[in-house]
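Heads up, the thing below is written out as structure tokens.
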There are 2 protein chains.
Amino acid sequence: MSCGEFDIIARYFNRQGNSRKDVRLGIGDDCALLIPAEKQYLAISTDTLVSGIHFLPDINPADLGYKSLAVNLSDLAAMGADPAWVSLALTLPSIDETWLKSFSDSFFSVLDYYGMQLIGGDTTKGPLSLTLTINGWIPVGKELTRSGARIGNWIYVTGWLGDSAAGLAILQNRLSVEDDEVRDYLVKRHLRPQPRILMGLGIRQLATSAIDLSDGLISDLKHILKASKCGAKIHLDRLVLSDALKSSCSREQALTWALSGGEDYELCFTVAEENRGMIDTALTDLGIPFTCIGQIMPEHTGFQLCDNNQPVSLDLSGYDHFASGSQENHAC
Amino acid sequence: MSCGEFDIIARYFNRQGNSRKDVRLGIGDDCALLIPAEKQYLAISTDTLVSGIHFLPDINPADLGYKSLAVNLSDLAAMGADPAWVSLALTLPSIDETWLKSFSDSFFSVLDYYGMQLIGGDTTKGPLSLTLTINGWIPVGKELTRSGARIGNWIYVTGWLGDSAAGLAILQNRLSVEDDEVRDYLVKRHLRPQPRILMGLGIRQLATSAIDLSDGLISDLKHILKASKCGAKIHLDRLVLSDALKSSCSREQALTWALSGGEDYELCFTVAEENRGMIDTALTDLGIPFTCIGQIMPEHTGFQLCDNNQPVSLDLSGYDHFASGSQENHAC
């Protein structure tokens with residue numbers, strides 16, 4: 001079936017009407033027109049996903065529709081922001097209506113779940129890639145930045161680290177897992193990461209800094225340390241590894257993935273001693289673990305890793321797809 | 001020279017500091033944090049440019065830096081919005097520092113000219129493409145939409161149509177122009193279109209509808225007609241063609257390019273009879289022609305083209321890169 005750009009937009013992407021009261025004009029004009037919230041910051045983040053770099057070329061379009069939004073939502077979560085709108089720029093090599101239906105159904109399921117609206121974008125021909133720009137709101141003074149960590153603050157992570165890297169290894173036949181349930185769990189953790197929006201809302205005004213774990217704990221925590229001019233001490237034995245991960249590989253491999261596998265989309269945040277109790281109260285009912293894995297130290301002490309109180313040296317860094325020798329556990 | 005993603009951002013794109021008072025946090029955290037204007041709509045538009053589809057693969061990076069912003073600014077102009085911030089998602093096959101310097105120098109020249117700030121984006125590896133999401137402000141009630149045209153309104157266009165398509169034809173060796181000055185003018189009109197921001201600001205609250213001409217006059221005007229549920233009558237003999245265009249090809253070719261060449265990035269807008277005088281006052285000092293080329297008609301009369309008051313039939317439509325048989329005068 002022949003189908004032009006405007007048909008694609010009308011058929012697959014202009015399906016919400018105006019679902020939010022703060023949208024004066026959505027898809028279909030030169031710009032979308034939005035009504036700002038009072039006394040709030042507008043939080044904006046952009047992520048590009050390129051086929052063969054950020055996802056496997058044969059990815060199920062429903063998984064891609066989900067994940068493209070999830071990784072963008074994760075940036076809002078790390079800022080403590082409430083999701084509002086998103087723009088989608090979709091570059092496709094050709095029109096495949098089955099693909100488009102599956103992708104857009106999944107995409108809009110996530111939008112609807114978070115009460116968000118697609119407000120515009122672009123549809124172009126070219127090698128498969130997506131760029132999303134997401135918008136959210138955060139009350140002035142409650143924002144979570146990377147620069148607020150202070151010496152003595154406790155370092156927390158949400159959820160379980162390393163599962164996503166194991167899931168990708170399974171998809172790329174670098175890891176073999178016999179138990180179907182374990183296999184499915186790890187693959188799902190890679191393809192369908194849960195953005196920690198509720199946890200981001202829960203810790204705002206309580207945490208001193210936050211970041212989402214997209215490149216790996218070590219790499220991402222270092223952004224906090226650099227912005228906050230601090231060092232850190234991390235206890236490997238406190239990292240929460242899922243039973244699935246532990247049963248699928250050696251402890252060393254599991255720790256490597258947990259520290260530098262990337263794509264966990266968990267949150268890492270820092271909390272002052274006096275707010276630890278309130279963090280417990282705020283997060284306990286959300287059903288996701290949150291674990292204190294270390295402490296912020298003076299800058300001159302650098303970044304220290306300990307295992308059972310013994311210093312360990314690991315040469316691990318996060319993912320950088322331009323750096324030579326990118327790590328094995330990212331697509332391509 | 002080896003150079004990672006964070007180096008690229010630091011070296012070429014994180015150069016403005018906080019140049020705008022409404023930016024609480026720019027590049028370098030999970031999200032940018034922006035301070036909304038009061039009693040204004042936030043206007044957002046997204047454009048993707050793919051190498052070989054939207055620009056020639058051998059384009060000068062300075063031209064690409066300029067044009068990528070200009071086409072996005074043109075959408076703000078068509079809404080009557082004041083430019084504020086932009087996000088840039090840049091996908092590059094490899095790191096070429098000469099290319100990056102030239103591209104970013106040009107990009108920031110345009111940003112500085114319009115008092116805008118780059119607030120974030122993404123840098124990824126892959127086939128060359130760019131996605132920009134631009135943000136601007138417009139006082140509530142002054143926005144220019146596509147749906148406000150009414151029967152009897154006069155139809156205007158700014159500037160000169162068709163130059164850009166002729167410029168592209170020159171670059172693709174489909175048009176030969178001997179006079180260097182004429183050649184350079186037409187090529188520049190293709191590579192360096194001037195977004196009509198000031199004209200957009202001038203006509204807001206005076207025009208009933210507006211759109212920017214990216215796909216071609218016929219195609220773009222039809223968006224206004226569809227959104228406003230109207231027809232239109234256009235007088236070909238009233239279209240303003242540049243001397244350069246007229247001297248370079250037949251009148252028929254010039255009209256074809258003016259009607260459906262695309263990439264003019266002029267504005268097309270509609271004005272009620274009683275506001276024509278105020279439009280003259282608002283736009284006269286800007287140094288760009290604005291020409292009444294026809295009138296809005298009842299929907300059932302459709303879209304009529306006249307030349308010296310005689311009806312003409314032209315089978316021309318705007319550019320759609322997914323439709324079969326895309327027109328010759330777009331890159332690839």
Would you call A:THR133 part of a strand (DSSP E or B), within 20 Å of A:THR46 (Cα to Cα) and hydroxyl-bearing (Ser, Thr, Tyr)?
-> yes
Unique match (being of a type outside the set (Ser, Thr, Tyr), buried (at least 24 other Cβ atoms within 10 Å of the Cβ) and closer than 22 Å to B:ALA37 by Cβ) among A:ALA77, A:ALA43 | A:ALA43
Could you tell me whether segment A:179-190 includes any residue that is buried (at least 21 other Cβ atoms within 10 Å of the Cβ), touching a residue at least 60 places away in the same chain (Cβ under 8 Å) and in contact with a Lys or Arg (Cβ under 8 Å, 6 or more places away or on another chain)?
-> no
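Does A:GLN194 fit the bill of being closer than 26 Å to A:GLN40 by Cα and either open to solvent by 20 Å² or more (accessible area, probe 1.4 Å) or under 16 Å from the mean Cα position of the chain (by Cα) (or both)?
In short, yes.
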For segment A:45-66, indicate whether the set of residues that are of a type in the set (A, V, I, L, M, F, W, C) and more than 17 Å from A:LEU128 (Cα to Cα) is non-empty.
-> no
Just give me the residues in segment A:143-175 being among the hydrophobic types (A, V, I, L, M, F, W, C) and either part of a loop (DSSP other than H, G, I, E, B) or open to solvent by 10 Å² or more (accessible area, probe 1.4 Å) (or both), in sequence order.
-> A:LEU144, A:ALA149, A:ILE151, A:TRP154, A:TRP160, A:LEU161, A:LEU171, A:LEU175
Restricting the search to segment B:138-150, which residues are more than 9 Å from chain A (Cβ to nearest Cβ) and either closer than 24 Å to B:ALA84 by Cα or of a type outside the set (D, E, K, R) (or both)?
-> B:PRO139, B:GLY141, B:LYS142, B:GLY148, B:ALA149
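Among the candidates B:SER129, B:SER109, B:SER94, single out the residue that is open to solvent by 20 Å² or more (accessible area, probe 1.4 Å), more than 30 Å from B:HIS300 (Cβ to Cβ) and in contact (Cβ under 8 Å) with a residue 40 or more places away in the chain.
Sole residue among the options that is open to solvent by 20 Å² or more (accessible area, probe 1.4 Å), more than 30 Å from B:HIS300 (Cβ to Cβ) and in contact (Cβ under 8 Å) with a residue 40 or more places away in the chain: B:SER109.
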Matching residues in segment B:84-122 - criterion: being out of contact with any Cys (no Cβ under 8 Å at 6 or more places or on another chain) and in a loop (DSSP other than H, G, I, E, B) = B:PRO93, B:SER94, B:ASP96, B:TYR114, B:GLY115, B:MET116
Can you name the strands (runs of 3 or more DSSP E) wholly within segment A:242-316 that have at least 3 residues being surrounded by 13 or more Cβ atoms within 10 Å (Cβ to Cβ)?
-> A:267-271, A:290-297, A:303-307
Got at least one residue in segment A:26-46 being over 18 Å from B:THR48 (Cα atoms), touching a helix residue (DSSP H, G or I) at 6+ places or on another chain (Cβ under 9 Å) and without any contact (Cβ under 8 Å) to a residue 40 or more places away in the chain?
-> yes
Determine whether B:GLN172 is away from every other protein chain (no Cβ under 14 Å), more than 16 Å from the chain's Cα centre (by Cα) and under 30 Å from A:PRO93 (Cα atoms).
-> yes
Looking at (1) assigned to a helix (DSSP H, G or I); (2) of a type in the set (A, V, I, L, M, F, W, C); (3) away from every other protein chain (no Cβ under 14 Å), which is the one condition that is false for A:MET199?
-> (3)
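Matching residues to (1) at pLDDT below 95; (2) outside the structural domain of B:LYS246 (by TED's automatic domain parsing); (3) hydrophobic (A, V, I, L, M, F, W, C); (4) out of contact with any Asp or Glu (no Cβ under 6 Å at 6 or more places or on another chain):
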{"position": "B:GLY162", "(1), (2), (3), (4)": "no, no, no, yes"}
{"position": "B:ALA166", "(1), (2), (3), (4)": "no, no, yes, yes"}
{"position": "B:SER176", "(1), (2), (3), (4)": "no, no, no, yes"}
{"position": "B:LEU186", "(1), (2), (3), (4)": "no, no, yes, no"}
{"position": "B:LEU201", "(1), (2), (3), (4)": "no, no, yes, yes"}
{"position": "B:GLN205", "(1), (2), (3), (4)": "yes, no, no, yes"}
{"position": "B:SER209", "(1), (2), (3), (4)": "no, no, no, yes"}
{"position": "B:ASP220", "(1), (2), (3), (4)": "no, no, no, yes"}
{"position": "B:ALA232", "(1), (2), (3), (4)": "no, no, yes, yes"}
Unmet requirement for B:GLN253, which otherwise passes all of (1) within 16 Å of B:SER176 (Cα to Cα); (2) within 19 Å of the chain's Cα centre (by Cα) | (2)
Boolean, B:LEU76 is within 10 Å of another protein chain (Cβ to nearest Cβ), closer than 28 Å to A:ASP29 by Cβ and part of a strand (DSSP E or B) = no
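The values are calculated or read from the model by the stated rules, or taken from the named source; none is laboratory data. Keep in mind the model is a prediction, meaning the values are calculated, not measured. When we count neighbours, we look across all protein chains shown, and the Cβ atoms used for this are built from the backbone with ideal geometry, even at glycine. These area figures cover heavy atoms from the full protein model, side chains too; ligands, DNA and RNA do not enter into them. Shrake-Rupley method; radii C 1.70, N 1.55, O 1.52, S 1.80 Å.
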